[in-house]
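K.L.:
Could you have a look at this structure, given as structure tokens, before my questions?
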Amino acid sequence: MTILDRNASAEEIRNVVEAWLDAHWDAEKRCAKGAGRYDEKSWLTQVFEAGFCVPSWPIEYYGLGLSQKQSAIIEKAFSRRNAEGSARDRFHLGAITIFKVGSEPLKRTMLPIMLTGPICCLLYSEPNAGSDLAGVRTKAVPDGDDFIITGQKIWTSNAQEAEYGMLLTRTDWDVPKHRGITFFLFPMKQDGVEVKPINQITGESEFNEVFITGARVSATNIIGSLNQGWTSFQTAIAYERLIMGQGVTERRGKSKPDSEPQLIRLARRQGKYDDPVIRQKIAQALAHRELNGLNMERAKQEIMTNGSSSLMSLGKLAMSRIQHGEAAIATDLLGQEALLDGDDSADAANVNFDAAKAYMNSIGGGTDQIQKNIIAERVLNLPKEPDMDRNVAFRDIKSSSL
Amino acid sequence: MSQISDEDRQALRDGFARYLEAEADEKKLRSAIANDRGYDEAIWQQMAEMGLLGIAIAEDSGGVGGGAIDVALVMEEIGKKLLPVPFLSTCVVAADMISRFGSEAIQQDLLPKIAAGELVISTGGSGDFVPLSDHDLSLSAKSSAADWTLNGQVSFVSHAGNADYHLLGLQEDGVDSAYLVKASDAVSKDRLITNDPAQRLFKLHLSDARAIKLEVLDADGIGQVRMRAIAALAAEQAGAMRAIFEITMDYLRTRYQFGRPIGSFQAIKHMAAELLVEVESATSAALAAAKALDANSPDAAKFVSLAAFTCKDAFRTVSAQAIQMHGGIAYTQEHIAHLYWRRARAGLPLFGSSDAHREQYLKSREAA
């Protein structure tokens, strides 16, 4: 049994974790010692029982009560050996949300299951509720101790593997839109749940449509309380943005700083690097990327000294200009070669992929236009636009399809 | 490297900002630019009092031994208030040139006076350290023994009006030389009419004007002077654009049309959000350039060119959009927006165009 607490030094924590991993993890075969092959559930159960899944949570909630800094030591030790399961208190959105806003029985029954299983999928967006997420129309109708769910969700990652989804539903149609929403922890593996991969513009299929027809979820699986789902959802979305932000800053550290930028190399290959017009465009594109990096470094500094930084909200918007801009320059560099695609035309295939993939940033997670509204209202304190649908019962709000 | 501690730096900046907030209002700015001198002497003397005029001068020459970062913080505050003071030419370019290339005697004579606010130095001519090169200058230097005399004409000389010395560059076949010419009867001045009423440009006529030649101008040293001046200019522009941006945001919250603040319209909000990216990127670029210079980073030249075109272009965009977002009221001379816009335009050719700096930046991103 591991004995660690807030008074443990970095050295002590490192020693305990390393010793535990030595005893339990076979780094060579990448599975539990003696298991022969990797079994996610049984490995995660071992990590969970040792408290390493969620080290920053209190002991009564399956953690070790450590600080973020102490937890990072554990995370590092795991990642050095390519062992899964640590830092779920930073990345398991479903578990984090239940831990923060779930009822006591929900925490007791679901946290052990969720922490030792695949991550949850997010059943938020619908064909008619994208930027306007509070306009969800997936129905949840009470039936004894359960609710019966009917509706369609879209843009769901990991829907095939997920055992649970965090589901936004409409439970009251006679009140304004934010007040009739209920948030559920929804079991995915049941009849009435059909997952269909989406063929995305890039040719990838990371996302799915989820069709729900008369599927069931227990009333005890409500996250927060009935019709107050929008409030609990705010917690989930805030953690999602935090995780995405951390991803941005952590990935940055891993790029090679001294290598020549792709655009320069492509221009050289195409024999166009001496063209002064092209040079100006490439320079400006590289500058936009470098400036965004400098802004994010300032954001990190501000977060360390003040706990928050409004600069963080600019990164996503800046990234749209960067990605669409770089793809446009690269397309022009290729000229008619960009008409081709496939393995025999690697440059063209990459450029065409990047040009399409840029929309992932400028639409996904809120369009640039929504992001600009957010920056204007929350960072610059510009007044909100009058809402057409404020104080209108949800069933009376105009929508595009009905 | 800066000799100033982090706390002292913060205190210096806060003190200057507080002073300007109280003393440097729009009325003073307008009366300063309407008079011949072009700036408020009381503010200039207060800057001397606070140690700011000697910010880039070594302690043993009467300064406070600050680095590029300290100069940047002063310039940001100057930019916010559009102070039309001869700081860049006197305290950045001339002070740096004299510190690097002046004889011991000249250093001990002039540097303490710059720090004390007793000396204004204009800059002009040709060469990499000169903010505005005169491409048609007809200036010639001749020497007899140790004495140099200059003859001819030079235009685009900044702040020559009440300057005590003119620092004139003469670049021939890529070789820089620099002369300090004392204001005297041998130098006559015509003030040029400028688009930015706060800018002071002159054409000088020199006839047998005696000059001190600064010796041993090595290219590296000149390059350092140039980079430090560019970083200073970028910081001034970053400060100025932030100020006009904030003035504009205030207006968007308080100006009502159609029964609602105009800042509630998405067309306006989206412009504002885009401009915030420009303002923050410019601030980051100016800061990165100053830090790289103080750290003697091998990336210093890269960050300086990045800051140069980023801040010039962003200041132009932000100040131009500020007029647009204000609407009719900013299509007047009474409103302050046009003064920021004119300052932005006046900054475009200083130390070379944005396009030239973009080209430099690209070169620094190529594989070695």
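The values are calculated or read from the model by the stated rules, or taken from the named source; none is laboratory data. These numbers come from a predicted model, not from an experiment. When we count neighbours, we look across all protein chains shown, and the Cβ atoms used for this are built from the backbone with ideal geometry, even at glycine.
K.L.:
Scanning segment A:247-274 for residues that are touching a helix residue (DSSP H, G or I) at 6+ places or on another chain (Cβ under 8 Å) and not in a helix (DSSP H, G or I), which turns out modelled with the lowest pLDDT?
P.N.:
A:Glu260
K.L.:
Name every residue in segment A:167-220 that is free of Cβ contacts under 8 Å to residues at least 24 places away in the same chain and either among the hydroxyl-bearing types (Ser, Thr, Tyr) or under 19 Å from A:Asp132 (Cα atoms) (or both), in order of residue number.
P.N.:
Result: A:Ser205, single match.
K.L.:
For segment A:111-139, which residues satisfy the criterion of being under 18 Å from A:Glu163 (Cβ atoms) and either surrounded by fewer than 21 Cβ atoms within 10 Å (Cβ to Cβ) or touching a Leu at 6+ places or on another chain (Cβ under 9 Å) (or both)?
P.N.:
Just the residues of segment A:111-139 that are under 18 Å from A:Glu163 (Cβ atoms), to begin with: A:111-124.
Result: A:Pro112, A:Ile113, A:Met114, A:Leu115, A:Thr116, A:Gly117, A:Pro118, A:Ile119, A:Cys120, A:Leu122, A:Leu123, A:Tyr124.
K.L.:
Within segment B:230-243, take every residue that is away from every other protein chain (no Cβ under 14 Å) and either modelled with pLDDT under 95 or over 23 Å from B:Tyr361 (Cα atoms) (or both) and give me the one that is farthest from the chain's Cα centre (by Cα).
P.N.:
B:Ala243
K.L.:
On to the next question. Filter segment B:189-204 down to the residues that are among the acidic types (Asp, Glu) and surrounded by 19 or more Cβ atoms within 10 Å (Cβ to Cβ) and list them by number.
P.N.:
Here is the first cut: in segment B:189-204, the residues among the acidic types (Asp, Glu) are B:190, B:196.
Of everything in segment B:189-204, just one residue is among the acidic types (Asp, Glu) and surrounded by 19 or more Cβ atoms within 10 Å (Cβ to Cβ), namely B:Asp196.
K.L.:
Of the conditions (1) on the phi < 0 side of the Ramachandran plot; (2) part of a strand (DSSP E or B), A:Gly151 clears all except one; give me its number.
P.N.:
That leaves (1) as the condition not met.
K.L.:
For segment B:157-195, name all the residues that are among the aliphatic types (A, V, I, L, M) and free of Cβ contacts under 8 Å to residues at least 60 places away in the same chain. Walk me through how you get there before you give the answer.
P.N.:
In the first step, residues of segment B:157-195 are kept if they are among the aliphatic types (A, V, I, L, M); the result is B:157, B:160, B:163, B:167-168, B:170, B:175, B:178, B:180-181, B:183, B:186-187, B:192-193.
Matches in segment B:157-195: B:Val157, B:Ala160, B:Leu168, B:Leu170, B:Val175, B:Val181, B:Ala183, B:Ala186, B:Val187, B:Leu192, B:Ile193.
K.L.:
Counting only residues that are surrounded by fewer than 21 Cβ atoms within 10 Å (Cβ to Cβ), of a type in the set (S, T, N, Q) and assigned to a helix (DSSP H, G or I), how many does segment B:302-349 have?
P.N.:
Qualifying residue count, segment B:302-349: 3.
K.L.:
Against the condition assigned by TED's automatic domain parsing to the domain that holds B:Tyr361 and touching a helix residue (DSSP H, G or I) at 6+ places or on another chain (Cβ under 6 Å), how does B:Phe309 come out, does it pass?
P.N.:
Spelling it out, B:Phe309 is indeed assigned by TED's automatic domain parsing to the domain that holds B:Tyr361 and touching a helix residue (DSSP H, G or I) at 6+ places or on another chain (Cβ under 6 Å).
K.L.:
Do you know which residues across segment A:300-318 are more than 9 Å from chain B (Cβ to nearest Cβ) and among the hydrophobic types (A, V, I, L, M, F, W, C)?
P.N.:
A:Ile303, A:Met304, A:Met312
K.L.:
Could I ask something else about it? Looking at segment A:10-38, I want the residues that are assigned to a strand (DSSP E or B) and have a partner that is of a type in the set (Asp, Glu) and at pLDDT below 95 with Cβ atoms under 9 Å, at least 6 apart or on another chain. Which pairs are those?
P.N.:
A:Cys31/A:Asp39; A:Ala32/A:Asp26; A:Ala32/A:Asp39
K.L.:
So B:Ala146 clears everything in (1) over 24 Å from B:Phe351 (Cα atoms); (2) in contact with a strand residue (DSSP E or B) (Cβ under 8 Å, 6 or more places away or on another chain); (3) among the hydrophobic types (A, V, I, L, M, F, W, C) except one condition, right? Which one?
P.N.:
So B:Ala146 meets the others, but not (2).
Residues are listed down the side, and each one gets a yes or a no for (1) closer than 24 Å to B:Ser297 by Cα; (2) surrounded by 24 or more Cβ atoms within 10 Å (Cβ to Cβ); (3) under 17 Å from the mean Cα position of the chain (by Cα):
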{"site": "B:Arg30", "(1), (2), (3)": "no, no, no"}
{"site": "B:Asp40", "(1), (2), (3)": "no, no, yes"}
{"site": "B:Gln45", "(1), (2), (3)": "no, no, no"}
{"site": "B:Ile55", "(1), (2), (3)": "yes, yes, yes"}
{"site": "B:Val64", "(1), (2), (3)": "yes, no, no"}
{"site": "B:Val71", "(1), (2), (3)": "yes, yes, yes"}
{"site": "B:Lys81", "(1), (2), (3)": "no, no, yes"}
{"site": "B:Ala105", "(1), (2), (3)": "no, no, no"}
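K.L.:
Now, a different point. I'd like the full set of residues that are at the interface with chain B (Cβ under 7 Å from one of its Cβ atoms) and either buried (at least 21 other Cβ atoms within 10 Å of the Cβ) or of a type in the set (Lys, Arg) (or both), limited to segment A:263-293. Give the derivation first.
P.N.:
Restricting attention to segment A:263-293, the residues satisfying the condition of being at the interface with chain B (Cβ under 7 Å from one of its Cβ atoms) are A:264, A:279-280, A:282-284, A:286-287, A:290-291.
Once the filter is applied, which keeps residues that are at the interface with chain B (Cβ under 7 Å from one of its Cβ atoms) and either buried (at least 21 other Cβ atoms within 10 Å of the Cβ) or of a type in the set (Lys, Arg) (or both), segment A:263-293 yields A:Arg279, A:Ile282, A:Ala283, A:Leu286, A:Ala287, A:Glu290, A:Leu291.
K.L.:
Working carefully through the options A:Glu337, A:Glu302, find the one that is surrounded by fewer than 17 Cβ atoms within 10 Å (Cβ to Cβ), within 24 Å of A:Asp368 (Cβ to Cβ) and modelled with pLDDT of 85 or more. Talk me through it step by step, then tell me what you get.
P.N.:
On the way: A:Glu337 fails: within 24 Å of A:Asp368 (Cβ to Cβ).
Being surrounded by fewer than 17 Cβ atoms within 10 Å (Cβ to Cβ), within 24 Å of A:Asp368 (Cβ to Cβ) and modelled with pLDDT of 85 or more holds for just one of A:Glu337, A:Glu302, which is A:Glu302.
K.L.:
In addition: Since B:Asp220 meets every condition but one in (1) in contact with a Gly (Cβ under 9 Å, 6 or more places away or on another chain); (2) closer than 30 Å to B:Gly174 by Cβ; (3) surrounded by fewer than 22 Cβ atoms within 10 Å (Cβ to Cβ); (4) not polar (S, T, N, Q), which condition does it not meet?
P.N.:
Checking B:Asp220 against (1) in contact with a Gly (Cβ under 9 Å, 6 or more places away or on another chain); (2) closer than 30 Å to B:Gly174 by Cβ; (3) surrounded by fewer than 22 Cβ atoms within 10 Å (Cβ to Cβ); (4) not polar (S, T, N, Q), the one that fails is (1).
K.L.:
B:Phe303 - would you say it is touching a Lys or Arg at 6+ places or on another chain (Cβ under 6 Å) and within 14 Å of chain A (Cβ to nearest Cβ)?
P.N.:
On the way: touching a Lys or Arg at 6+ places or on another chain (Cβ under 6 Å): no; within 14 Å of chain A (Cβ to nearest Cβ): yes.
Here the answer is no, as B:Phe303 does not meet what is asked.
K.L.:
So which of A:Thr202, A:Thr235 is of a type in the set (Ser, Thr, Tyr) and more than 19 Å from the chain's Cα centre (by Cα)?
P.N.:
On the way: A:Thr235 fails: more than 19 Å from the chain's Cα centre (by Cα).
Going through A:Thr202, A:Thr235 in turn, just one is of a type in the set (Ser, Thr, Tyr) and more than 19 Å from the chain's Cα centre (by Cα): A:Thr202.
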